[in-house]
1. Mind jotting down the three principal axis lengths of the chain based on Cα atoms? Whole angstrom, largest first.
2. Pulled fully out, how much extra length does the chain show between Asp67 and Thr17, if you take 0.36 nm times their separation in residues and subtract their Cα-Cα distance?
3. Under the Karplus relation 6.51 cos²θ - 1.76 cosθ + 1.60, θ = phi - 60°, what is the ordered set of whole-Hz ³J(HN,Hα) values for region 62-67, x standing for Gly and Pro?
4. Give the long-range amide H neighbours of Lys25: residues separated by 5 or more places, or on another chain, with amide H under 5 Å away, using H modelled in the peptide plane at 1.01 Å from N.
5. Before anything else, pin down the relative contact order of the chain: Cα pairs under 8 Å, at least 6 apart, normalised by residue count, whole percent.
6. Order Asp45, Asp77, Asp85 by their accessible area, 1.4 angstrom probe, all chains in place, largest first.
7. Charges at C-beta only: +1 for Lys and Arg, -1 for Asp and Glu. How large is the resulting dipole of the chain about its Cα centre, in Debye rounded to 20?
Amino acid sequence: MTLVQENMNDQYSAELTTMKTAGAKIATYSSNTGRYIHAKTVLADYGTANAKLFAGSENFSTPSLSDNRELGLIFSDPACLAGVDAAITADFNGGTPF
């Protein structure tokens with residue numbers, strides 16, 4: 001698993017440490033404009049016939065999925081997957097290793 005995530009003020013360090021211990025490659029990334037990155041993207045099984053891309057605003061939490069009005073879409077279009085993979089790779093390479 002490769003993860004690019006904000007970690008302003010080390011607020012997610014415990015969670016990121018748990019994921020790193022489990023084998024995740026993590027880079028923290030923050031916008032130099034000071035804008036908060038709220039978008040979530042999961043690219044699963046990239047490079048296989050079963051590849052899927054989730055892009056949306058949902059936090060992966062019960063309140064977000066049950067109580068909030070959120071939006072998430074699932075794609076399988078190869079061009080969409082390739083574009084998002086390129087963006088994630090660029091953000092990971094430009095981020096700070098965790």
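1. 37, 34, 31
2. Numbers: separation 50, 0.36 × 50 = 18.00 nm, distance 2.86 nm.
Here the answer is 15.1 nm.
3. 4, x, 5, 7, 10, 10
4. Residues meeting the criterion, in which the H sits 1.01 Å from N, are Thr2, Leu3.
5. Working: 122 pairs, mean separation 29.3, N = 98.
Taking the mean separation of contacting Cα pairs over the length of the chain, I get 30 percent.
6. Numbers: Asp45 90, Asp77 70, Asp85 45 Å².
In descending accessible area the options line up as Asp45, Asp77, Asp85.
7. The calculation lands at about 100 debye.
The values are calculated or read from the model by the stated rules, or taken from the named source; none is laboratory data. Just so it is clear, the structure is predicted and the values come from calculations on it, not from any experiment. A quick note on method: Cβ atoms are made from the backbone with ideal geometry, for glycine too, and the neighbour counts reach across all protein chains shown. Areas reflect the complete protein model, heavy atoms only, side chains present, ligands, DNA and RNA absent. Shrake-Rupley method; radii C 1.70, N 1.55, O 1.52, S 1.80 Å.
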